[in-house]
1. Using a Gaussian network model of the chain whose springs link C-alpha atoms within less than 10 Å, name the residue from F11, F130, F115 with the highest mean-square fluctuation.
2. Just want to confirm a number: the relative contact order over the range 5-155, from Cα pairs under 8 angstrom separated by 6+ residues, in percent.
3. Which angle between 0 and 90 degrees, to the nearest 10, do you get for helix 5-33 versus the longest principal axis of the chain when only C-alpha atoms count?
4. Compute the distribution of all C-alpha to C-alpha distances in the chain, in bins of 20 Å from 0, and list the percent of pairs in each, rounded to whole numbers.
5. Where nothing but the Cβ of Lys and Arg (+1) and of Asp and Glu (-1) is charged, how large is the charge dipole of the range 5-155 around its Cα centre, in debye to the nearest 20?
6. Angle, helix 239-251 long axis vs. longest principal axis of the chain, Cα atoms, 0 to 90°, nearest 10?
7. If the chain between Y77 and E297 were fully stretched, how many nm would it gain, using 0.36 nm times the residue separation less the Cα-Cα distance?
8. What whole-number distance in Å separates the alpha-carbon centres of the range 1-20 and the range 283-319?
Amino acid sequence: MTVDLAEVLEFAIEVAKAAGTEIVKGSEARLASSAGADEKKNTADLVTETDQSTERLVRKLIAEKYPDHKFIGEESYAAGDIEPVTGAPTWIIDPIDGTTNFVKGFQFVCISIGFTVDAEPAVGVIYAPFMGYLYTARKGNGSYLTTPLHPEPRKLPLAPPTTLPSLRGALLALEWGSDRSKDVVEKKSRSFARLMGDPESVEGGLMALGARSLGSSALNFSHVAMGCLDAYWEIGCWAWDVCAGIVIAREAGCIVVGSSAEARSALMLPNFEEHVPSTVLTGRKYLVVRKIGDSAEESGRDAQIRTIRQMYDAIEEWDV
Ligand code: IPD
Ligand code: CA
């Protein structure tokens, strides 16, 4: 099946706008009725009627336009419709990424629409309707952002990439996620402490400049692509949280890797990106580092690789 990726991207933007309208309408109805949210796995993993209605809308629009394409969506998966990622053209979507934000009325909420060919993310659209931020990317064609203030698409990253000589200058995205079991929370806490701690008193401390939790994996990826976050690390996300973000980040010159073991073995190779396995999409472990500028001491690419190594030296992982 041949796929016209430019056409897929144009259509994905239309779908994202329609989904955005549904999300805003859902939010207004919630505010008027003070509706609650249902729990999925636990009290930190929520779903609302709007997650479900938005996924139904998106699924219907895609099926009408591309009846032969496969569909993987967070809420369809939760309802037992479990499709593996194969080589077939596949839409991988999260109707609301940032459901906790949606419930709280915190504006970092988006629809995330990814599209894969041969199991590789090839098109990504992320639309944050409360802010009016639209991120788009197509493999080999760069990634772009439009906002209400800048309605003409701007190429990402937004500014020429600066150098990053050490983690001390880095603003990181780190998330607590929804798995709060003892082992996970302790490993995460120790990892956060090393990333953020002062080496004078914290063993292995890297003392990063700061950390943010946007509450949406897709928007964390997008902000690293913009260049305003330096790196994002999380374990536990699903393909629908990251598929669109992977394309947007890679097309903005970011490096996206999976687990530390995968990343370390790939990093040994000179053209390592060709050796980052395509299982990154479904591997549930993600580290993305922004495009970095060249300095007199090292190329931007070497600085990205060094940053990955330094972060993975500080981080403890667990099985999902
Ligand atoms: C969640 C968000 C959050 C991340 C979680 C995701 P949801 O997705 O992306 O930032 O920490 O791992 O599950 O539940 O809002 O779609
Ligand atoms: Ca979701």
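What follows is calculated from the coordinates using simple rules that are stated; it is not laboratory data. Only a predicted model underlies this, so the values are computations on that prediction, with no experimental measurement involved. Every residue, glycine as well, gets a Cβ built from its backbone with ideal geometry; the counts of neighbours run over all protein chains shown.
1. Comparing F11, F130, F115 in the GNM, the peak value goes to F11.
2. Working: 257 pairs, mean separation 31.6, N = 151.
Value for the range 5-155: 21 percent.
3. Helix 5-33 sits at roughly 80 degrees to that axis.
4. Each 20 Å bin holds this share of Cα pairs: 34, 59, 8, 0.
5. 400 debye
6. Approximately 60 degrees, to the nearest ten.
7. In short, 74.4 nm is gained.
8. Cα centres, the range 1-20 to the range 283-319: 31 Å.
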